[in-house]
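The values are calculated or read from the model by the stated rules, or taken from the named source; none is laboratory data. Since the model is a prediction, treat every value here as computed from it, not as a measurement. Reconstructed Cβ throughout: ideal geometry from the backbone, glycine too, with neighbour counts over all protein chains shown. Just the protein is used for accessible areas: all its heavy atoms, side chains included, with ligands, DNA and RNA removed. Shrake-Rupley method; radii C 1.70, N 1.55, O 1.52, S 1.80 Å.
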Amino acid sequence: MKIRILMLSLIGMIFFNSCSSDSNSTNSTSQNLDPNTILPKKIIEEELGSICYEFFYDQNKINYIQVDTFISGEFGGSGGVNCYFTYTGNLITKIQLGESGDEKGFIDFTYQNNKLINKKYTTFSGGTYISDLEYVYNSNNTISVLSNGILKTTYTLSTNQSYIVSKDGGDLLYSLTSSPFKNVIGIKEAFLDLGYDVNAENVNPEFDFLDILFSSTTRNIISITPFPGGQSFDSLHFRYAYNELLFPTNITRFFGSNIFGALIYEGTYSIFYQ
């Protein structure tokens with residue numbers, strides 16, 4: 001068993017080094033990088049294993065993401081898949097998981113007045129499964145999020161409706177610095193979800209990694225903290241390290257346990273820019 005663990009660790013180190021070694025990517029920044037054009041080139045997520053996301057662009061639109069995984073532990077393994085993005089104008093309208101002819105699934109996005117109103121997941125894993133997230137914009141400055149017709153959460157918007165100030169009876173706190181995806185077109189509109197718990201039933205496990213990645217990195221959330229006496233859920237916390245342009249180079253995700261009353265480490269994102 002010790003030999004197996006050692007081999008898995010060595011494979012993980014090789015994976016991490018090969019994924020992160022790129023002379024065109026840097027955690028800091030050089031003087032020739034413009035804060036108005038900087039784009040993430042690679043993001044490495046470390047939790048139970050490693051997930052390496054490498055981004056390929058058509059100008060400021062994502063063309064596709066190459067995803068390589070190494071999951072440690074007894075049932076671990078490695079693999080890879082590409083995620084292909086389709087835009088209509090400046091909005092992401094489809095993500096295809098896997099190669100054409102061998103698709104693992106799709107996410108279809110529907111908008112109204114440039115606002116996300118529906119996100120439909122179609123997955124192929126022992127059959128065809130379809131699930132929807134519907135976003136209803138209410139007159140009281142809230143958004144109701146329904147999963148297959150069942151209310152899952154409610155977002156309260158800021159007065160100017162530019163960001164979400166609370167969800168599930170909890171407050172959101174943001175950093176005023178730049179998101180890694182600040183200059184990437186369509187990401188913020190497509191991945192409205194915050195806290196990545198709307199899909200807690202795990203009905204779309206093939207797409208969990210994308211939902212978690214973008215909800216953890218697109219809005220510079222510092223914390224989601226439940227109101228006293230509100231709905232019972234663990235708080236979420238994010239800690240950041242920045243480069244000289246104040247773009248995050250490292251995001252560490254924690255949850256605050258209501259049982260133990262302490263922050264518990266969940267995962268880390270290392271971000272490299274081109």
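Note on residue 144: accessible area approximately 20 square angstrom, rounded to 10, probe 1.4 Å, nucleic acids and ligands left out.
The modelled label-to-label distance between residue 58 and residue 108, using points 7 Å beyond Cα along the C-beta direction, is 2.0 nm. Legend: residue pairs 61/94; 119/182; 42/94, Cα-Cα distance threshold 19 Å; pairs beyond threshold, 119/182; 42/94. Stokes-Einstein diffusion of the range 96-190 at 20 °C, 1.002 mPa s viscosity, Kirkwood radius from Cα pairs, rounded to a whole number: 139 µm²/s. Computed extension length for residue 87-residue 208: 41.5 nm, one decimal, from 0.36 nm per residue of separation with the Cα-Cα distance subtracted. The 1.4 Å probe gives accessible areas that order 239, 219, 253, largest first, as 239, 219, 253.
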